[in-house]
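To start, the structure under review is shown below, and the notes come after it.
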Amino acid sequence: MPPLPPPNLDPAFVRGIAAYRRHPYQRDLADPPVLWSEGGSRLLDYGGTGPLLLVVPSLINRAYVLDLAAERSMLRFWAANGVHPVLLDWGWPGPLERQFTLTDYVAIRLANAIAALPGPVTLVGYCMGGLLTLAAALRAPTRVNGLVLLATPWDFHAADPQAGPRASAAAIQLGPMLAAGALPVDAVHGMFAMQGAEGVAARYRTFPDLDPASERARMFVALEDWLWDGMPLAGPVAAECIGGWYGENTPATGQWRIDGTIVDPAALRMPTLVAIPSRDRIVPPESAAPLAGLIPGATILRPAGGHVGMVVGARAHSELWQPVLGWLHAQ
């Protein structure tokens, strides 16, 4: 939950945060059965029949954004409509995970999760999870029969040529913190807040005008609760993401490696759907589009929403859930 703002801020913004903090909404969805666990990670089985999907979120935010509420659950919608989604909940990084590199997450943790499921699976990666699933699919083509990439970055400098120098400087400044084991939750929140501070303030200014009992108000609180319920990022992973991905643009320049092997989208040989939300500020379309262009035969979907709204917004059902479902059934 966000801290109380200082009194010299915009009064409408202050009222919005106060109204949010007073709202009684609490998420009450029970977790589905656990199929497998390793360290802090779990596979959650949403049931259903049809193609088996392994859904892989980012390492930074909690996985339940994809199952936010009964009426805003991409996973429960898919399970009720002819596919069988299983969610990889990375979990809070413990002492072991805080030593992990991206290679450890892809070649060990994600690989073990794939191996725990029967038969070939379609991987569905969201944001950072898309990069991890891409690397995993290239490593295990006989275990993975399809790939769905949702708001997945690739060219980290395309939308902002100054991103590299800023990230390189940040990597140096954060070095002592990362060496201590992890990038703390507050630091992660601060980095993302800088990318959309005006949008955050605008959301809170309008919140007091909503009927507290309305679905819109409840979903606002549900989503804000999730946004503030972050996780620390393992120090080696944070260093690789900030200094490598953002600083040196290693994916787009052909330098990003997992277990010593370059992650090359052009080598992918399986049906692939790439969803590029048009109003995404976290992964701008200029960052995601080059990845789709590199994957042979990739299908491109362009939802009108933003990075989070695409998967959980009021129009997510028509703009993402249903089109992805249709693509899955057509394979």
Let me spell out the model: positive unit charges on the Cβ of Lys and Arg, negative unit charges on the Cβ of Asp and Glu, origin at the Cα centre of the range 263-331. What dipole size does that give, in debye rounded to 20?
120
Projected label distance in nm at residue 229 and residue 180, using a 7 Å step from Cα toward the beta-carbon:
2.6
Cut-off 10 angstrom, C-alpha nodes, Gaussian network model of the chain. Which of 238, 30, 298 fluctuates the most?
30
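So for the range 1-133: antiparallel DSSP bridges make up what percent, rounded to the nearest 5? Let's see the in-between values first.
Working: 9 of 17 bridges.
Percent antiparallel among DSSP bridges in the range 1-133 is about 55.
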Solvent-accessible area per residue, Å², over the range 44-159 with all protein chains present [probe radius 1.4 Å]
29
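Could you please state how large a percent of the accessible area of the range 226-270 is carbon and sulfur, counting protein chains only and using a 1.4 Å probe? Present the calculation step by step, with values, prior to reporting the outcome.
On the way: 890 of 1730 Å².
Result for the range 226-270: 52 percent of the exposed heavy-atom area is carbon or sulfur.
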Counting Lys and Arg as +1 and Asp and Glu as -1, each charge on the Cβ, what is the dipole of the chain about the Cα centre in debye, to the nearest 20?
260
Once all Cα-Cα distances of the range 176-307 are split into 5 Å bins that start at 0, what whole-number percent is in each one?
2, 8, 12, 15, 17, 17, 13, 8, 5, 2, 0
List every residue whose amide H lies under 5 Å from the amide H of residue 144, counting only residues 5 or more places away in sequence or on a different chain, with H placed 1.01 Å from N in the peptide plane.
121
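Report the equivalent ellipsoid semi-axes for the chain in whole Å, largest first, defined as the square roots of five times the eigenvalues of the gyration tensor built from alpha carbon atoms. Walk me through the intermediate numbers first.
Values: eigenvalues 173, 124, 75 Å².
So the equivalent ellipsoid measures 29, 25, 19 Å along its semi-axes.
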At 0.36 nm per residue, minus the direct Cα-Cα distance, what do residue 329 and residue 201 gain on full extension? Give it in nm, one decimal, please.
42.0 nm
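Net charge near residue 250: determine it from the other residues with C-beta under 13 Å of the C-beta of residue 250, scoring Lys and Arg +1 and Asp and Glu -1.
Details: positive: 257; negative: 155, 240, 248, 264.
Local net charge: -3.
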Out of residues 5 or more away from residue 233 or on other chains, whose amide H comes under 5 Å of its own, with H placed 1.01 Å from N in the peptide plane?
183
For the chain, give me the percentage of DSSP beta bridges that are antiparallel, rounded to the nearest 5 percent.
40
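Which length gain, in nm to one decimal place, applies between residue 166 and residue 38 when the Cα-Cα distance is subtracted from 0.36 nm times their residue separation?
Working: separation 128, 0.36 × 128 = 46.08 nm, distance 3.56 nm.
In short, 42.5 nm is gained.
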First compute the accessible area of the range 78-126 with a 1.4 Å probe, then give the percent of it belonging to carbon and sulfur atoms.
61
Cα centroid separation - the range 296-331 against the range 67-118, whole Å
19
Accessible area of residue 286, 1.4 Å probe, to the nearest 10 Å²?
100
For the range 199-298, dividing by residue count, accessible area per residue (probe 1.4 Å) in Å² works out to 42
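Starting from the residue with the highest accessible area, list 280, 104, 209 in decreasing order, probe 1.4 Å.
Details: 280 10, 104 40, 209 130 Å².
Solvent-accessible surface, decreasing: 209, 104, 280.
The values are calculated or read from the model by the stated rules, or taken from the named source; none is laboratory data. Predicted, not measured: the structure shown is a model, and the values here were computed from it. For neighbour counting, all protein chains shown are included, and Cβ atoms are generated from backbone atoms with ideal geometry for every residue, glycine included. To get the accessible areas, we keep the full protein, side chains included, count just its heavy atoms, and leave off ligands, DNA and RNA. Shrake-Rupley method; radii C 1.70, N 1.55, O 1.52, S 1.80 Å.
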